Amino acid sequence: MKVLVTGGTSGLGLAMASALAATGASVALTGRSGERAEAVAAGLPGATGVEMDVRDESSVARAVDRAWSRLGGIDMLVNNAGIGMRTVNPRFMTQPQGFWEVPPDAFRAVIDTNLTGYFLVAREITPRMLASGGGRIVNISINHSTMRRAGFVPYGPSRAGSEAMSRIMAADLRGTGVTVNLLLPGGATLTGMLPQDVATEGQGFLDPAVMGPPIVWLASDDAAGVHDERIVAAEFEQWLRDWESRR
């Protein structure tokens with residue numbers, strides 16, 4: 001399995017890239033800094049780092065070309081690159097601000113990264129997957145409650161939009177051999193998106209490693225043909241039992 005993980009240098013992206021690489025997948029992970037992406041990839045077996053700014057279609061096209069060439073194709077895209085509320089309001093967990101207080105430039109930056117970024121990368125890679133006979137797209141999402149939580153503009157709307165887009169992508173690609181699924185942690189996770197004053201151990205936050213088992217499964221032969229599903233990583237074992245019972 002040849003996998004492209006956007007935003008793979010830290011947090012959920014690195015956890016998924018690490019889990020996939022550990023199972024023998026060939027992984028290309030991206031970051032805005034090519035040097036950092038290469039340095040992180042050097043610590044994973046068989047991985048490669050690629051510079052990509054998901055907000056810029058030219059950067060996306062160059063990065064996909066590079067990853068496709070280095071891996072010899074791409075079987076799975078994990079759309080994960082994103083920025084959170086911390087970039088808008090560093091104390092968003094303890095001192096939320098109303099939407100009318102959000103600077104327009106900060107709003108655009110989050111939407112451009114979290115929503116437009118998913119669109120641009122999927123738009124670039126889907127025709128290649130169709131031409132090669134199939135592929136898998138996994139879009140990373142969040143809890144529905146976070147999408148409508150007070151003080152979470154623009155992060156909540158950005159992820160609500162990316163989730164709606166994922167459903168439309170799945171509808172557009174049904175029956176083509178390219179599958180689209182959603183994956184989310186299932187709660188606040190210890191990543192760089194959390195404010196430093198609350199991101200401490202022992203507060204009930206999920207470990208990013210929770211994303212490992214479901215992403216490895218989605219890359220497996222067992223998941224061939226799985227389409228338009230929404231998988232909560234923290235509940236993956238129960239979800240898998242339920243899915244197997246529906247087969």
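The values are calculated or read from the model by the stated rules, or taken from the named source; none is laboratory data. Everything numeric in this text was worked out from a predicted model, so none of it was measured. Every residue, glycine among them, receives a Cβ derived from its backbone with ideal geometry; neighbour counts consider all protein chains shown. SASA here: full protein model, heavy atoms, side chains in, ligands and nucleic acids out. Shrake-Rupley method; radii C 1.70, N 1.55, O 1.52, S 1.80 Å.
A few notes on this one:
- Selected from 67, 179, 1, residue furthest toward positive end of dipole (the chain; charges at beta carbon): 179
- Counted by Cβ distance under 12 Å from residue 152, the other residues give a net charge of +4, where Lys and Arg count +1 and Asp and Glu count -1.
- With all protein chains kept in place, the per residue accessible area of the chain amounts to 45 square angstrom at a probe of 1.4 angstrom.
- Taking every Cα-Cα distance in the stretch 54-175 and sorting them into 10 Å bins from zero, the calculated P(r) comes out as 13, 40, 29, 15, 4 percent.
- P(r) tail, the chain: Cα-Cα pairs separated by more than 28 Å, 28% of all pairs.
- Within the chain: Cβ-based charge dipole about Cα centre, in debye rounded to nearest 20 (Lys, Arg +1; Asp, Glu -1): 300 debye
- Carbon and sulfur %, accessible surface of the stretch 1-132 computed with the full protein complex present, 1.4 Å: 50 percent
- Sequence of 93, 211, 147 when ordered by accessible area, the most exposed leading, probe 1.4 angstrom: 93, 147, 211
- Kyte-Doolittle at least -0.5, axis length at least 24 Å by Cα - qualifying DSSP helices, the chain: 155-173
- Note on the chain: GNM, Cα springs under 10 Å; of 114, 89, 79, the largest mean-square fluctuation is that of 89.
- Spatial separation of Cα centroids for the stretch 1-77 and the stretch 150-172, in angstrom: 23 Å
- Solvent-accessible ranking of 205, 107, 99, largest area first, probe 1.4 Å: 99, 107, 205
- Around residue 63: net Lys/Arg minus Asp/Glu count, Cβ-Cβ under 9 Å: -2
- The accessible area of residue 130, taken with all protein chains in place and a 1.4 Å probe, comes to roughly 80 Å².
- Each distinct pair of alpha carbons in the stretch 1-112 adds a 1/r term; the inverse of their mean, the Kirkwood radius, is 14.8 Å.
- Convex hull volume of the stretch 65-120 per residue (C-alpha atoms, cubic angstrom): 105 Å³
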